[in-house]
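Here the structure is laid out as structure tokens; the discussion comes afterwards.
The values are calculated or read from the model by the stated rules, or taken from the named source; none is laboratory data. Bear in mind the structure is a predicted one, so any value in this text is a computation, not a measurement. Cβ placement follows ideal geometry from the backbone for every residue including glycine, while neighbour counts extend to all protein chains displayed.
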Amino acid sequence: MARILAVRSAFPAYRYPQAEFTRVVTALTDAAGTLRPAQRTLLGRLHANAGITTRHSVLPIGEYADGTDADAALANDIYIDEATSLGERALRSALASAGLAPDMLDLLIVTSVTGVAVPSLDARLIPRLGLRPDIKRLPVFGLGCVAGAAGLARLHDYLLAWPGHAAALLAVELCTLTWPRAAVTTADLVASALFGDGAAAVVAAGSSRQAPASRLPRVIATKSEVYPDSTDTLGWRLDTGGFRIVLTADLADVVERRLNGSVTAFLGEHGLAVDDITRWICHPGGPKVLDAAQRALKLPDGALTTSRRSLAEAGNMSSVSVLHILELTAESEPPAPGSFGLMIGLGPGVSAELLLLRW
């Protein structure tokens with residue numbers, strides 16, 4: 001069992017209203033001469049209907065317009081520097097909140113899919129944070145948006161085996177560095193409307209590790225599932241310009257068809273039903289994905305309010321988002337002791353990661 005001691009988010013210094021992102025993406029694609037008139041109209045509609053008020057970017061928005069991130073190699077160099085710094089801020093803050101010194105960590109899991117770093121981000125953080133050189137490390141790439149929930153689930157598995165240990169999960173995503181400029185597709189336009197930059201860190205302890213009391217829940221159980229015949233629904237592909245999103249209109253349909261069966265079966269294994277869950281922490285893939293999850297589970301209108309708030313304030317931050325939602329949940333009035341929550345991660349595969357939580 002993992003007892004969550006702290007969760008903290010960190011954001012780049014640059015935060016802009018959604019309309020500014022719309023303006024810059026329009027200017028970028030206009031300069032490249034890649035948008036047809038119908039696509040330009042679609043871009044405006046997608047940005048307006050994304051359910052987002054503000055997003056963060058790792059670069060000043062003018063530098064995107066100037067083409068600073070246009071070269072894939074340069075963008076990746078920026079990713080390495082900025083992801084390391086942002087990750088350090090998030091993890092340092094979470095450790096301080098948990099009351100743990102950096103050298104008390106036994107495991108560090110780092111998830112990211114918006115850049116490539118070798119040595120990995122976890123190795124770069126050891127000297128910067130003062131982590132032990134013999135800390136166990138697990139860098140995770142390729143899980144995309146589901147990685148925040150999956151990383152927390154694997155952290156829980158580790159602490160079941162090592163109940164006297166303390167562990168941390170760090171998710172860092174700099175999605176704006178992947179903006180497309182040439183041969184823009186509808187999927188690219190959707191991504192430009194949704195994704196933002198951020199980081200979040202979780203610190204947890206095993207059941208026999210002495211730790212201060214926390215307003216955060218314990219992880220009780222987890223479940224992973226990959227839905228058949230959905231591999232091409234969501235993901236990345238690599239071209240000469242860097243990462244390009246793979247996204248089809250089927251994503252929300254897959255969620256609506258499959259999620260109820262996954263959730264009800266998982267809860268049933270623990271003698272629970274959907275009505276027993278008092279807090280829902282669902283990845284905010286976008287308004288359509290949240291609507292599909294709400295319909296699939298027959299949830300009341302307010303059940304996913306915190307997920308929608310995270311989307312509005314920071315956009316879809318890929319693996320970071322569910323951890324940000326967990327932080328927002330902890331900052332609100334806690335549920336009664338013994339109450340259950342469910343974290344739902346969704347990502348490429350199409351895959352789902354479920355975590356049963358208890359306060």
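Among the residues of the range 190-213, which ones are polar (S, T, N, Q) and assigned to a helix (DSSP H, G or I)?
The one that is polar (S, T, N, Q) and assigned to a helix (DSSP H, G or I): Ser192.
Condition first: polar (S, T, N, Q) and at pLDDT 95 or above. Now tell me which residues in the range 306-346 satisfy that. Walk me through how you get there before you give the answer.
Here is the first cut: in the range 306-346, the ones polar (S, T, N, Q) are 306-307, 310, 316, 318-319, 321, 329, 332, 339.
Result: Thr306, Ser307, Ser310, Asn316, Ser318, Ser319, Ser321, Thr329, Ser339.
Do we find that Ala221 is surrounded by 13 or more Cβ atoms within 10 Å (Cβ to Cβ), over 18 Å from the mean Cα position of the chain (by Cα) and part of a strand (DSSP E or B) in this structure?
yes
Select from the range 127-150 the residues that are touching a helix residue (DSSP H, G or I) at 6+ places or on another chain (Cβ under 9 Å) and part of a helix (DSSP H, G or I) and list them in ascending order.
So the first thing to find is which residues in the range 127-150 are touching a helix residue (DSSP H, G or I) at 6+ places or on another chain (Cβ under 9 Å), and the list is 128-133, 135-141, 143-150.
Listed by number, the residues that qualify are Arg128, Leu129, Gly144, Cys145, Val146, Ala147, Gly148, Ala149, Ala150.
Here is a list: Gly302, Gly285. Which entry is outside any helix (DSSP H, G or I) and either touching a residue at least 24 places away in the same chain (Cβ under 8 Å) or in contact with a strand residue (DSSP E or B) (Cβ under 6 Å, 6 or more places away or on another chain) (or both)? Lay out the reasoning, then the answer.
On the way: Gly302 fails: either touching a residue at least 24 places away in the same chain (Cβ under 8 Å) or in contact with a strand residue (DSSP E or B) (Cβ under 6 Å, 6 or more places away or on another chain) (or both).
Sole residue among the options that is outside any helix (DSSP H, G or I) and either touching a residue at least 24 places away in the same chain (Cβ under 8 Å) or in contact with a strand residue (DSSP E or B) (Cβ under 6 Å, 6 or more places away or on another chain) (or both): Gly285.
Would you confirm, using the coordinates I've provided, whether Gly349 is on the phi > 0 side of the Ramachandran plot, in a loop (DSSP other than H, G, I, E, B) and modelled with pLDDT of 95 or more?
The answer is no for Gly349.
Please give the number of the condition Arg295 fails out of (1) out of contact with any strand residue (DSSP E or B) (no Cβ under 8 Å at 6 or more places or on another chain); (2) of a type in the set (D, E, K, R); (3) modelled with pLDDT under 95.
(3)
Across the range 151-171, what is the total count of residues that are assigned to a loop (DSSP other than H, G, I, E, B) and either among the charged types (D, E, K, R) or not assigned by TED's automatic domain parsing to the domain that holds Ala94 (or both)?
Total meeting the criteria: 0.
Quick check, is Ala199 small (Gly, Ala, Ser) and crowded, with 24+ Cβ neighbours inside 10 Å?
When the stated conditions are applied, Ala199 passes them.
Looking at Asp275, Asp253 in this structure, which one is without any contact (Cβ under 8 Å) to a residue 12 or more places away in the chain and assigned to a helix (DSSP H, G or I)?
Every option except Asp275 fails the conditions.
Return a yes/no flag: does the range 92-106 have any residue that is in contact (Cβ under 8 Å) with a residue 24 or more places away in the chain and touching a Ser or Thr at 6+ places or on another chain (Cβ under 7 Å).
no
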